[in-house]
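Since the structure comes first, as structure tokens, the remarks are kept for the end.
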């Protein structure tokens, strides 16, 4: 079984082999070495089908019920499984063009949000019914996962029948939650560190009749809550976050366990209980909370954490507190790569299994302790919003690494290094003819090592001034032709040597894409988070190129060179050759959690244009674009860094006036240039391609 490569970093660190379900287990070498995947890059023009595209990009697995390929070779979206409407992403692209929107473009499917909320609530309701659990489920949406007003409002509306509430972890989030919250049977959970202003406004919500629970993160907060509540004459609802021994694994493991940033230790809990009793407020402790980490990949971690937290709940209940809620926090994963394993970008359990295990282990512990079943609260933000958002970017150029010039004709007058590496190339030709490209791999690896030696020697001599530029170029051209032949030889091998895998990546193209990773995919850059990336059209054509993606920032880190795969992390993505004058669109999927709000302004590339899509059976296509939110303009992002438009215009006008006075510009020409400058300040921060403004 192949091994996953670790986060993008120098070196060749590897993670442990991934556990893959037996149904999927096949012998496999590194970096897409199976024959099935090898044919993706084959130059043989044999048949290509939608089934091949599904296999290549793994869409049927990570796409679940929501994403698939239609007969036209386009990605289509099914926001509400069970309904017939399938929305062709290329139709959204066409409508965006008609409305004058430039790319990159975020597309939000608001009905998909509704479906995800219904799925989570339905899973818990089913588990509660099956197990005869004696309390309800009350979900809350952690606003930090996506604070955009339209997203939060859609969740509030869709969550009405389920009394779905909100979680706030800061004062701004609390202010938004208090304003938008309308259901007095749903919860507002207040997490994070709190000052007096935070507490006052949370208690304002309580005075209004809302179910606001302040979760204590440190002992000092508890006294402050009690004092302010007495001052305001309102009885608070208090929760405590328990610092569990159990913790997750992977990228967010440190958010749980003994070293976690938040939460009370066992000794702290005993002190908190005693303090509330001494103040005559033991009954105000209503909720136990824990958080074991984001994107928990292993259901075993969840089981252990829930049982431990349930035990704390039961013991504190017996200490005279009127507890009624157990909040299992977040952590419900998203299967970004479709592998259904414990890899960082996946999860080895289903939503229904998660709900059953949470309900069962709480019930089992409470029954054994003789404690009434609590209302179950969860904060599954990632699993709720990740699927609803797709980023569409345009690839506008490519750097094809295997275009190394014409065949080098080597003669006796050439430098010895050129003749030597030429002999290696001729030797490979003889091996190919003799063995038909297969058989013993030893001669191929020997040829690679010899070619590497000559290339290194040419570099060393060039640095010493002993080799001219033309000779160095001829050596490198022959080297890369040899490298290409060796990579092709190993294309469908059962095992690919590490050196050849590196060559394969080096030979990959670079596709230039009109977006900023730092604005739209910050987790990919900062944490190595993988997202499904697929061309949204031409999927009925064979993708003949293998590429990495680079953005338009001037930062060398602005690239994507790790892609999802069923049993490996691929270093290149199969893509189609760009056609002159024809746009090529890629979709980046499952980005609705965190990416919208955490993006930065590197190079002052701002928020992207976005459209909101709703289903409507009365519309011809079964849907309509309800709202368009324009991305940041140049003047808006400049203003965020204190570059005000009037000041910029004034400074430029002074320079234009000076140029006119010195006869460098004619007055009419100068005024036109100044008007053009001021007009451009209102434009999109990204590149204008294919006639877009």
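The values are calculated or read from the model by the stated rules, or taken from the named source; none is laboratory data. Remember, it's a predicted structure, so these values are computed and weren't measured experimentally. Ideal geometry is used to build each Cβ from the backbone, glycine not excepted, and the neighbour counts take in all protein chains shown.
Restricting the search to the range 216-243, which residues are more than 34 Å from the chain's Cα centre (by Cα), on the phi < 0 side of the Ramachandran plot and assigned to a loop (DSSP other than H, G, I, E, B)?
234, 235, 236, listed by residue number.
Could you check residue 102 against (1) surrounded by fewer than 18 Cβ atoms within 10 Å (Cβ to Cβ); (2) in contact (Cβ under 8 Å) with a residue 24 or more places away in the chain; (3) not assigned by TED's automatic domain parsing to the domain that holds residue 352 and say which number it fails?
(1) is the only condition that residue 102 fails.
Among the residues of the range 133-151, which ones are crowded, with 21+ Cβ neighbours inside 10 Å and within 24 Å of the chain's Cα centre (by Cα)?
Of everything in the range 133-151, those that are crowded, with 21+ Cβ neighbours inside 10 Å and within 24 Å of the chain's Cα centre (by Cα) turn out to be 139, 140, 141, 142, 143, 145, 146, 151.
Across the range 310-323, which residue is nearest to residue 237 (Cα to Cα) among those that are part of a helix (DSSP H, G or I) and in contact with a strand residue (DSSP E or B) (Cβ under 6 Å, 6 or more places away or on another chain)?
313
Provide a single number: the residues in the range 504-519 that are buried (at least 23 other Cβ atoms within 10 Å of the Cβ), in a helix (DSSP H, G or I) and in contact with a strand residue (DSSP E or B) (Cβ under 9 Å, 6 or more places away or on another chain).
2
Part of a loop (DSSP other than H, G, I, E, B) and without any contact (Cβ under 8 Å) to a residue 24 or more places away in the chain: is that true of residue 412 in this structure?
It is true that residue 412 is part of a loop (DSSP other than H, G, I, E, B) and without any contact (Cβ under 8 Å) to a residue 24 or more places away in the chain.
A quick yes/no check of all residues on (1) outside any helix (DSSP H, G or I); (2) surrounded by fewer than 20 Cβ atoms within 10 Å (Cβ to Cβ):
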| site | (1), (2) |
| --- | --- |
| 453 | no, yes |
| 476 | no, yes |
| 502 | no, yes |
| 524 | no, no |
| 534 | yes, no |
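Being within 30 Å of residue 82 (Cα to Cα), at pLDDT 95 or above and over 17 Å from the mean Cα position of the chain (by Cα) is true for just one of 613, 534, 625. Which residue is that?
Result of the check over 613, 534, 625: 613.
Would you confirm whether any residue within the range 545-552 is in contact with a helix residue (DSSP H, G or I) (Cβ under 6 Å, 6 or more places away or on another chain), under 28 Å from residue 408 (Cβ atoms), crowded, with 22+ Cβ neighbours inside 10 Å and in the same structural domain as residue 609 (by TED's automatic domain parsing)?
yes
Do we find that residue 123 is more than 23 Å from residue 191 (Cα to Cα) and buried (at least 16 other Cβ atoms within 10 Å of the Cβ) in this structure?
yes
List the pairs whose first member sits in the range 331-357 and is outside the structural domain of residue 129 (by TED's automatic domain parsing), whose second member is crowded, with 23+ Cβ neighbours inside 10 Å and outside any loop (DSSP other than H, G, I, E, B), and whose Cβ atoms are under 9 Å apart, counting only residues at least 6 apart or on separate chains?
none
Among the numbered criteria (1) under 23 Å from residue 64 (Cα atoms); (2) surrounded by fewer than 22 Cβ atoms within 10 Å (Cβ to Cβ), which single criterion is violated by residue 578?
(1)
Hey, can you tell me all the residues within the range 181-198 that are farther than 16 Å from residue 287 by Cβ and surrounded by 14 or more Cβ atoms within 10 Å (Cβ to Cβ)?
Passing the criteria: 181, 183, 198.
Which residue is farthest from residue 216 (Cα to Cα), if the candidates are limited to the range 272-298 and must be part of a helix (DSSP H, G or I) and touching a helix residue (DSSP H, G or I) at 6+ places or on another chain (Cβ under 6 Å)?
Ranking the qualifying residues of the range 272-298, first place goes to 282.
Hey, among 529, 504, which residue is closer than 22 Å to residue 559 by Cβ, within 31 Å of the chain's Cα centre (by Cα) and modelled with pLDDT of 90 or more?
After applying the criteria, what remains is 529.
Within the range 604-614, is even one residue in the same structural domain as residue 530 (by TED's automatic domain parsing), in contact with a strand residue (DSSP E or B) (Cβ under 6 Å, 6 or more places away or on another chain) and without any contact (Cβ under 8 Å) to a residue 24 or more places away in the chain?
The answer is no, given that none of the residues of the range 604-614 is in the same structural domain as residue 530 (by TED's automatic domain parsing), in contact with a strand residue (DSSP E or B) (Cβ under 6 Å, 6 or more places away or on another chain) and without any contact (Cβ under 8 Å) to a residue 24 or more places away in the chain.
Please go through (1) touching a helix residue (DSSP H, G or I) at 6+ places or on another chain (Cβ under 7 Å); (2) within 30 Å of residue 582 (Cβ to Cβ); (3) at pLDDT 90 or above for residue 491 and return the number of the only condition it doesn't satisfy.
(3)
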